[in-house]
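Here the structure is laid out as structure tokens; the discussion comes afterwards.
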Amino acid sequence: TNPVANITELDNKASTLRLLGNAYAEWNVWKTLTYRATLGADLTYFRQNQFQTSAIPLNQLLPPNINTGSSYTSQNINWVTSHTLNYTFELGSSHRFGALLGLEAQKNNFEESRVNANAFPNDVVRTVNAGTIVGGTSFQDQWSLASYFGRVNYAFKDKYLFNASIRRDGSSRF
């Protein structure tokens, strides 16, 4: 192929918008009991438009007289939230106890679609709706997770430590 023609006769425009965020709130319910809520999100939007003019041979076939185009979009929304209760107390100066209970949930939604066209009336208007639609695809996927967990701590004079944890996870993928 002609590298100069590949540069000047092919349009491939892509744009991505991504937002990431995380926030939490903490509340002292009682002197030694604390509640914490966390929320995080990851949002991604992607769009791509491609156009190949009739000056470039399609699949190396001559004469070059077919122009093609496609439009692709995808969107992914992922969020996660967790909630914990943390309880601590001391007995004298030698014994320190702690307990934590929590839950966490996560969900992901993904969607994509593509439209293909050819036989554009000219090489000037390069949007898919100007050509003849010859096909397209779409896809959706969704999954989620849920978890419950707990932990107990004990420390004697900050020298001897005991820690026990338990966790249960569930997934929509199983």
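The values are calculated or read from the model by the stated rules, or taken from the named source; none is laboratory data. The shown structure was predicted, so the numbers you read here are calculated from the model rather than taken from an experiment. For neighbour counting, all protein chains shown are included, and Cβ atoms are generated from backbone atoms with ideal geometry for every residue, glycine included. Accessible surface is based on the protein model in full, side chains and every heavy atom, while ligands, DNA and RNA are left aside. Shrake-Rupley method; radii C 1.70, N 1.55, O 1.52, S 1.80 Å.
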Taking into account only those residues within the range 3-44 that are in a loop (DSSP other than H, G, I, E, B) and in contact (Cβ under 8 Å) with a residue 40 or more places away in the chain, which is farthest from the chain's Cα centre (by Cα)?
Thr32
State whether one or more residues within the range 68-85 are open to solvent by 50 Å² or more (accessible area, probe 1.4 Å), closer than 30 Å to Ile7 by Cα and not small (Gly, Ala, Ser).
yes
Residue identified as loosely packed, with under 11 Cβ neighbours inside 10 Å, farther than 24 Å from Trp30 by Cα and in contact (Cβ under 8 Å) with a residue 12 or more places away in the chain among Phe139, Phe110, Phe162, Phe174:
Phe139
By residue number, the members of the range 119-136 that are part of a strand (DSSP E or B), open to solvent by less than 80 Å² (accessible area, probe 1.4 Å) and among the β-branched types (Val, Ile, Thr) are Thr132
Residues satisfying the stated conditions in the range 18-38, i.e. open to solvent by less than 100 Å² (accessible area, probe 1.4 Å) and of a type outside the set (Val, Ile, Thr)
Leu19, Gly21, Ala23, Ala25, Leu33, Tyr35, Arg36, Ala37
So which of Asn109, Asn153 ends up being within 29 Å of Asp42 (Cβ to Cβ) and at pLDDT 95 or above?
Asn109
Sole miss for Ile66 among (1) touching a residue at least 60 places away in the same chain (Cβ under 8 Å); (2) touching a strand residue (DSSP E or B) at 6+ places or on another chain (Cβ under 9 Å) is condition (1)
May I ask you to verify whether Asn116 is within 15 Å of the chain's Cα centre (by Cα), modelled with pLDDT of 95 or more, buried (at least 16 other Cβ atoms within 10 Å of the Cβ) and not in a helix (DSSP H, G or I)?
no
